[in-house]
Amino acid sequence: MFKYFVPFYYTIHSRSHGLHFVSYILMVFLPSYIILLSNGFCPFDWKFNALYFLSFVGMLSVYELGYIWNDSVCIKKDPNPTKRICDEEIDRLSKRIYQVSLMKICFSVVITILLVFLTGLNQTAPYGISLVALLIIYVVHNNFRNFVNYITVFFLTVLNYSCTLIFLSEREFLLQNVVVVVFLFAIPKCFFYVSRKLNYVSTFDEGYKFGIYYLVCTVVLFFLHFVFHISILFVILSAYMCVYRIGINFLRSRHKI
């Protein structure tokens, strides 16, 4: 069971095989990093990079725990389940779910304590609170199969990208950073999640529609850059997401990936 303790293992194992792990890095790990760079952090600062990585894996441990509960316990209540792991592993995990949960939570606690020693309690406390909030929202998300999930998906997405921002952002940039996360990630993710559940959009067309959304965001952010002098990195991030979404969907349509 130790393998479930290792950060990234379950994400790779259940959702991001092979090249899809590269996609995970490009879609989740990198964007929050770019947002922090827009605040003036140096990409060559080893301490900043170490703190970012530690805070990210601390968040990921909680997020993976949500995956594990969904895949091994809550899936049994779902009339139309999407199986991410085999039946044998579902049975094995469901029997040891509390052991795995304790391991994953302990890992995040250890990371949080380490960050306290590295940066101080004042900086780390909001991060710890965000991890608790993430865990609570995931518990709610996994125990409902109705409209409540539309709300929890929004907040799970916000925290997925924002826990590291809450830890590392200067106070004057935090609200701006979270607003960027809401508009670039939480709103489109929630919109297409709801649309998919209500059968208003197919997964095939979804990538192109994401791309159009990011194209509009890029134009708006470009305007805000010249008028209000927001960081050009926000414009680049939105344009990058636009090209990525359209490019990936195009390659899938041509059976290249």
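Some points to look at:
- A 1.4 Å probe over all protein chains sorts Asp78, Asp71, Asp91 by accessible area into Asp91, Asp78, Asp71, starting with the largest.
- The charge dipole of region 1-79, taken about the Cα centre with unit charges on the Cβ atoms of Lys, Arg (+1) and Asp, Glu (-1), comes to about 120 debye, rounded to the nearest 20.
- Shown here is the pair-distance distribution of region 1-113: with all Cα-Cα distances grouped in 5 Å bins from zero up to the longest one, the shares run 2, 11, 19, 20, 17, 14, 8, 5, 3, 1 percent.
- Among Gly211, Gly66, Gly40, residue whose mean-square fluctuation peaks in a GNM of the chain (springs only between Cα atoms under 10 Å): Gly40
- Largest first and in whole Å, the equivalent-ellipsoid semi-axes of the chain read 29, 25, 16, each the square root of five times a Cα gyration tensor eigenvalue.
- Along each principal axis, Cα extent of region 58-149, largest first, Å: 46, 30, 17
- Protein accessible area in the chain, 1.4 Å probe - carbon and sulfur %: 71 percent
- Mean residue ellipticity (222 nm) of the chain, computed from DSSP H runs ≥ 4 via -39,500 (n - 2.57), nearest 500: -25000 deg cm²/dmol
- Dipole magnitude (debye, nearest 20) for the chain, charges at Cβ of Lys, Arg, Asp, Glu: 580 debye
- Cα centroid separation - region 37-72 against region 95-164, whole Å: 12 Å
- For region 93-219, accessible area per residue (1.4 Å probe, heavy atoms of protein chains only), Å²: 53 Å²
The values are calculated or read from the model by the stated rules, or taken from the named source; none is laboratory data. Owing to the predicted nature of the structure, the values given are computational and were not obtained by experimental measurement. Every residue, glycine as well, gets a Cβ built from its backbone with ideal geometry; the counts of neighbours run over all protein chains shown. Only protein heavy atoms, including side chains, enter the accessible area calculation; ligands, DNA and RNA are left aside. Shrake-Rupley method; radii C 1.70, N 1.55, O 1.52, S 1.80 Å.
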